[in-house]
Amino acid sequence: MTLDDSYLQKFGFIKRETLGSINIDPLQTGGLLTEAAKQALMEWGDGYSVCDYCAGVLDLVKKPPIQEFVHGALPEFLGCDEARVTNGARESKFAVMHSMGKPGDWLVLDGLAHYSSYVAAERTGLNIKAVPHSGSPEYKLDPEGYGTAIEEVIRESGKPPALALITYPDGSYGNVPDAKKIASICHEYDVPLLLNGAYAVGRMPVNGKEIGADFVVGSGHKSMAASGPVGVLGVSGEYAPTVFRRSVHNKAKEIELLGCTARGATIMTMIASFPEVVKRVRNWDQEVEDARWFSSKLQDMGFIQRGQNPHSHDLMFFEAPGFYEISQKVKKGRYFLYKELKSRKIHGIKSGLTRYFKLSTFGVGREKLGVVVDSFEEILKKYEDV
């Protein structure tokens with residue numbers, strides 16, 4: 001088969017239109033590359049750049065200092081005994097589920113869990129019991145619900161679930177649950193707890209041992225200023241031999257990681273950004289202050305913030321009655337907000353959303369957040385007579 005040259009002209013370098021905009025996209029703010037990571041991307045972007053240094057076990061490469069990062073700095077950062085860098089948070093979750101459970105076993109998780117948690121469980125063959133939340137407006141999760149769910153599983157199956165999972169925070173409303181209390185309840189039934197910190201690790205302090213989590217999962221491209229897809233996995237000493245067990249056919253290779261995982265630009269950008277990530281985690285209190293300030297300004301304009309209020313995370317979900325009312329009156333109204341924000345070089349609210357949307361204030365800073373607040377107010381005033 002011969003490809004037509006006119007078809008091939010569609011490919012090549014593609015400019016990213018949103019660069020230079022104020023970014024409030026919850027999927028992107030924590031993953032924006034540092035300057036050091038941008039340099040690492042160019043230096044280590046070739047396909048086998050890191051593999052050139054590998055003698056068979058990727059996380060034992062000494063130069064570049066992958067071994068020191070994976071077996072030294074990373075587990076200390078996560079508050080775990082052992083850690084690995086994976087191809088994403090969902091891959092980390094699957095590795096834990098697949099090693100801890102078998103088809104027909106049960107997983108207990110929160111009612112706000114990310115879809116990838118369900119998919120990972122389904123791929124493993126686990127049954128799922130969801131802990132309900134309180135619904136609108138707070139979507140609050142009662143830690144005692146885990147005890148109730150575990151007891152239901154015991155009644156239905158005759159044994160405790162193989163694993164419990166808590167999303168910390170959830171990716172819809174940015175609620176930060178009482179993970180320490182949940183861990184304590186799970187351990188009363190000898191059920192290990194997986195903490196899905198895709199929106200936490202790299203943004204806010206997370207320590208698996210202090211929380212009581214047996215597994216800590218993070219996302220490099222969501223929250224650790226790394227080029228993705230890339231994730232991290234921390235495991236307690238009790239379960240590390242199970243999760244990181246090795247192949248009988250190739251004794252150097254860990255089964256759940258399929259021999260080796262993140263390499264090249266993904267792990268090297270994570271390492272490059274790590275010093276800055278550690279520093280910004282120490283500034284988490286300021287991030288929460290900025291999020292609360294931003295939320296209060298929007299609520300003064302008639303926006304309704306869903307989830308915990310006052311909020312404890314940068315990811316927030318809003319209902320915008322004013323924007324929705326405008327969208328019902330103007331031509332192609334569903335897209336008016338996206339166009340107005342784009343003209344002001346503000347990126348992050350998806351095209352077509354006006355009534356409900358989520359956003360993140362992480363790393364934006366009070367000055368730029370003020371620009372967003374002023375822009376929202378200007379847009380409301382612009383259409384007040386429509």
Here is a check on your reading of the model: is S273 crowded, with 21+ Cβ neighbours inside 10 Å and not aliphatic (A, V, I, L, M)? yes
Could you list, in sequence order, all residues of segment 41-75 that are within 23 Å of the chain's Cα centre (by Cα), surrounded by 14 or more Cβ atoms within 10 Å (Cβ to Cβ) and within 26 Å of V206 (Cα to Cα)? D59, I66, F69, V70, H71, A73, L74, P75
Of the residues that make up segment 332-343, is at least one among the basic types (K, R), loosely packed, with under 13 Cβ neighbours inside 10 Å and at pLDDT below 95? yes
Would you confirm whether or not segment 351-366 contains a residue that is free of Cβ contacts under 8 Å to residues at least 12 places away in the same chain and either out of contact with any Phe, Trp or Tyr (no Cβ under 7 Å at 6 or more places or on another chain) or not acidic (D, E) (or both)? no
Which members of segment 89-109 meet the condition of being touching a Pro at 6+ places or on another chain (Cβ under 7 Å) and crowded, with 24+ Cβ neighbours inside 10 Å? W106, L107, V108
Out of V281, V288, V243, sole residue that is modelled with pLDDT of 95 or more and touching a Gly at 6+ places or on another chain (Cβ under 9 Å): V281
One residue is enough: does segment 40-48 have a residue meeting the conditions among the aliphatic types (A, V, I, L, M) and under 25 Å from E256 (Cα atoms)? no
Quick one: count up the residues across segment 179-195 that are out of contact with any Asp or Glu (no Cβ under 9 Å at 6 or more places or on another chain) and within 21 Å of E138 (Cα to Cα). 1
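Here's the yes/no breakdown for (1) assigned by TED's automatic domain parsing to the domain that holds I346; (2) under 30 Å from K350 (Cα atoms):
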site: G12; (1), (2): yes, yes
site: T29; (1), (2): no, yes
site: Q39; (1), (2): no, yes
site: G47; (1), (2): no, no
site: V50; (1), (2): no, no
site: V57; (1), (2): no, no
site: V61; (1), (2): no, no
site: H71; (1), (2): no, no
For segment 131-148: of the residues being buried (at least 16 other Cβ atoms within 10 Å of the Cβ) and touching a Leu at 6+ places or on another chain (Cβ under 9 Å), which is nearest to Q299 (Cα to Cα)? Y139
Of the listed residues (R16, R123, R84), the one being assigned by TED's automatic domain parsing to the domain that holds S295 and not hydroxyl-bearing (S, T, Y) is R16
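Here is a yes/no grid of residues against (1) buried (at least 24 other Cβ atoms within 10 Å of the Cβ); (2) among the hydrophobic types (A, V, I, L, M, F, W, C); (3) assigned by TED's automatic domain parsing to the domain that holds G125; (4) under 17 Å from V85 (Cβ atoms):
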residue: R155; (1), (2), (3), (4): no, no, yes, no
residue: I182; (1), (2), (3), (4): yes, yes, yes, no
residue: A213; (1), (2), (3), (4): yes, yes, yes, no
residue: V230; (1), (2), (3), (4): yes, yes, yes, yes
residue: A240; (1), (2), (3), (4): no, yes, yes, yes
Test E256 against the stated conditions and say whether it is surrounded by 19 or more Cβ atoms within 10 Å (Cβ to Cβ), charged (D, E, K, R), under 23 Å from the mean Cα position of the chain (by Cα) and closer than 20 Å to H71 by Cα. yes
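The values are calculated or read from the model by the stated rules, or taken from the named source; none is laboratory data. Just so you know, these numbers come straight off a predicted model, no measurement behind them. Counting neighbours? That spans all protein chains shown, and the Cβs are built from the backbone with ideal geometry, glycine included.
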